[in-house]
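Participant: The following block contains the structure, expressed as structure tokens.
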Amino acid sequence: MSATTFTLIDEGNARTAPTQPDAALLRIPLEALDFELKPEGLCRGALCYPVPEGSDLVTNAGVDLAAFAALSGRPLALDADAGAAFLGTAAEDRAAALASLEAPDFTLPDLDGNLHSLSDHRGKKVLLVAYASW
């Protein structure tokens, strides 16, 4: 893989950053993850992931994206040829969302183009119909 621009999608936000390729892994700048390296580890706000002693997770070349995904317990979909990666939600966060029985909000247009959000109907009974042709 040659030095290139890479798009990382994390929590619905797409960030484009230059990569620092390595023979076996992809390194991206720490800023592209929106985390800071602190004595406690890799941190975003109050959330911190301890960086193991002697780890090469974070180097001057950047953060090993696959190792960060493993450390944070998040699935990683990576397409190096397309220059794109998606960091998924951790299993514990997905489990908490399912346990709450609250559907995530989304907005879709009706046949007239008017936008409707699920959150507009909170507290009401709503029937959602989904169809796929395959």
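What follows draws every value from the coordinates through simple rules; no lab data is involved. Since this is a predicted model, take the numbers as computed values, not measurements. Virtual Cβ from ideal backbone geometry, glycine too; neighbours counted across all protein chains shown.
Participant: Give or take rounding to whole Å, what are the principal axis extents of the alpha carbon atoms in the chain, in descending order?
Facilitator: 54, 32, 25
Participant: Check each of the trypsin sites (Lys or Arg not before Pro) in segment 52-134 and keep only those in coil by DSSP with at most 15 other C-beta atoms within 10 angstrom; list them in order.
Facilitator: Of the trypsin sites (Lys or Arg not before Pro), the ones in loops of segment 52-134 whose Cβ has at most 15 other Cβ atoms within 10 Å are Arg122, Lys124, Lys125.
Participant: For segment 5-92, what proportion of DSSP beta bridges, expressed in % and rounded to the nearest 5, is antiparallel?
Facilitator: Expressed as a percentage, antiparallel bridges in segment 5-92 total about 85.
Participant: Looking at the chain as a GNM with Cα springs under 10 Å, which of Arg15, Arg74, Arg27 has the largest mean-square fluctuation?
Facilitator: Highest fluctuation of the listed residues: Arg15.
Participant: Further question on the same structure: Counting only helical runs of four or more DSSP H residues, what would the 222 nm mean residue ellipticity of the chain come to if each run contributes -39,500 (n - 2.57) and the total is spread over all its residues?
Facilitator: The per-residue figure over the chain is -4000 deg cm²/dmol.
Participant: May I ask for the net charge around Asp105, where only other residues with Cβ less than 15 Å from the Cβ of Asp105 are counted and Lys, Arg are +1 while Asp, Glu are -1?
Facilitator: Around Asp105, the surrounding residues sum to -1.
Participant: Related question: Using a basic spin-label model with each label point 7 Å from the Cα along Cα→Cβ, how many nm lie between Ala90 and Glu11?
Facilitator: Those two pseudo-labels are separated by 1.2 nm.
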